[in-house]
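The values are calculated or read from the model by the stated rules, or taken from the named source; none is laboratory data. Predicted model only: the values in this text are computed from it and were never measured. Every residue, glycine as well, gets a Cβ built from its backbone with ideal geometry; the counts of neighbours run over all protein chains shown. All accessible areas refer to the heavy atoms of the entire protein, side chains included, with ligands and DNA or RNA removed. Shrake-Rupley method; radii C 1.70, N 1.55, O 1.52, S 1.80 Å.
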Amino acid sequence: MQMPVASSDLATIVDAVVSDLPARVRAARRTVVEEGSAHVVILFEGLAAVRITRDKFTGDQLRRRQELVDCIPRDIGLALPWSLGPTVEIDGLSAVATEFIPGSPCPVGDGKPEELQRLLELVASVDTAPLRGLLSDPLSFCGGADWYRIQIEEVIPRLDPQMRAVARGAVEALAGLSKEDRVFSHGDLGGHNVLWDQGRVAGILDWDLSSESDRSTDLASLGVWHGWEKLSKIASAEQVERASIRRNTFRLQQVGFLVVSRRPEPEILAAAGTASRWLYEYLA
């Protein structure tokens with residue numbers, strides 16, 4: 001459920017955030033993008049973007065994530081939403097102006113394997129040492145270090161009884177995944193978070209789930225969006241298997257997120273129903 005932000009609040013915050021930007025940015029046409037339950041985004045006609053939180057909690061996250069993005073070297077080979085100014089807080093809402101990233105999301109099932117491999121390698125190449133104080137724990141959005149208990153005690157009991165054993169097997173497989181060398185992981189490398197231009201990856205948005213994890217984390221996200229059959233062309237059979245184990249819990253992780261976020265019970269149960277149907281179709 002989204003918390004609305006009044007248009008008058010948006011105007012006040014946006015004007016404050018862009019007050020020191022060039023006149024042509026301030027005068028540009030503004031387009032409001034309702035991005036989700038956490039943020040609203042204002043686009044400035046290909047010149048800048050302003051991201052505004054809906055509450056104080058996400059404001060704290062915004063400052064932390066923006067600092068992380070600003071620490072990633074500009075020679076990474078991709079466009080990122082680097083800051084154009086400081087994060088501003090007004091009446092409990094936080095906002096920041098960032099560079100505009102051209103391009104559009106890749107349609108589901110599209111994307112050349114060689115470009116997906118380039119994307120994966122560029123993200124994994126980010127040095128995590130300077131970022132460790134800014135990175136999230138793996139699976140932080142659905143419980144972090146407590147994710148397993150939440151799945152066993154909170155998520156699985158809400159599933160269709162016939163799917164609980166299947167879900168338990170998927171969770172146990174993820175919990176038992178062998179340790180592997182960790183690299184920088186974006187955490188949600190697909191969908192509208194990756195912008196493409198003329199068949200090539202142009203830039204990456206939404207770094208909220210960035211962590212130090214193994215390559216299968218981002219590989220799984222790529223496979224779900226671009227087509228699982230492409231993974232064998234960009235990764236080893238072992239890596240694809242590890243990614244499969246992660247993918248098999250994605251729907252369960254979404255339910256865990258709603259539990260951790262204390263969303264209304266009907267919303268949690270609706271997601272649990274969706275997860276049960278996915279498990280039945282793909283794993284049962």
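With the requirement that a residue be surrounded by 15 or more Cβ atoms within 10 Å (Cβ to Cβ), part of a helix (DSSP H, G or I) and either among the β-branched types (Val, Ile, Thr) or out of contact with any Lys or Arg (no Cβ under 7 Å at 6 or more places or on another chain) (or both), what does segment 89-119 give you? Those that are surrounded by 15 or more Cβ atoms within 10 Å (Cβ to Cβ), part of a helix (DSSP H, G or I) and either among the β-branched types (Val, Ile, Thr) or out of contact with any Lys or Arg (no Cβ under 7 Å at 6 or more places or on another chain) (or both): GLN117, ARG118, LEU119. Which of the residues spanning segment 194-206 are touching a Pro at 6+ places or on another chain (Cβ under 8 Å) and open to solvent by less than 70 Å² (accessible area, probe 1.4 Å)? The answer is VAL194, LEU195, TRP196, ALA202, GLY203, LEU205. Just so you know, in segment 211-237 the residues that are charged (D, E, K, R) and at pLDDT 95 or above include one that is nearest to ASP137 (Cα to Cα), and it is ASP218.
Looking only at residues of segment 230-239 that are of a type outside the set (D, E, K, R) and in contact with a helix residue (DSSP H, G or I) (Cβ under 7 Å, 6 or more places away or on another chain), we find that the one that is surrounded by the fewest Cβ atoms within 10 Å (Cβ to Cβ) is SER232. A count restricted to segment 217-229 and to residues that are touching a residue at least 60 places away in the same chain (Cβ under 8 Å) and either crowded, with 19+ Cβ neighbours inside 10 Å or of a type in the set (Phe, Trp, Tyr) (or both) stands at 6. Within segment 171-201, the set of residues being touching a helix residue (DSSP H, G or I) at 6+ places or on another chain (Cβ under 7 Å) and part of a helix (DSSP H, G or I) comprises VAL171, ALA173, LEU174, ALA175, GLY191. Give the residues of segment 125-161 that are open to solvent by 60 Å² or more (accessible area, probe 1.4 Å), more than 24 Å from PRO73 (Cβ to Cβ) and assigned to a loop (DSSP other than H, G, I, E, B), sorted by residue number. Matches in segment 125-161: ASP160 only. In segment 240-281, the qualifying residues are those that are hydroxyl-bearing (Ser, Thr, Tyr) and touching a residue at least 24 places away in the same chain (Cβ under 8 Å), and the one that is surrounded by the fewest Cβ atoms within 10 Å (Cβ to Cβ) is TYR280. Only a single criterion out of (1) open to solvent by 30 Å² or more (accessible area, probe 1.4 Å); (2) modelled with pLDDT of 90 or more; (3) assigned to a loop (DSSP other than H, G, I, E, B) is not satisfied by MET3, namely (2).
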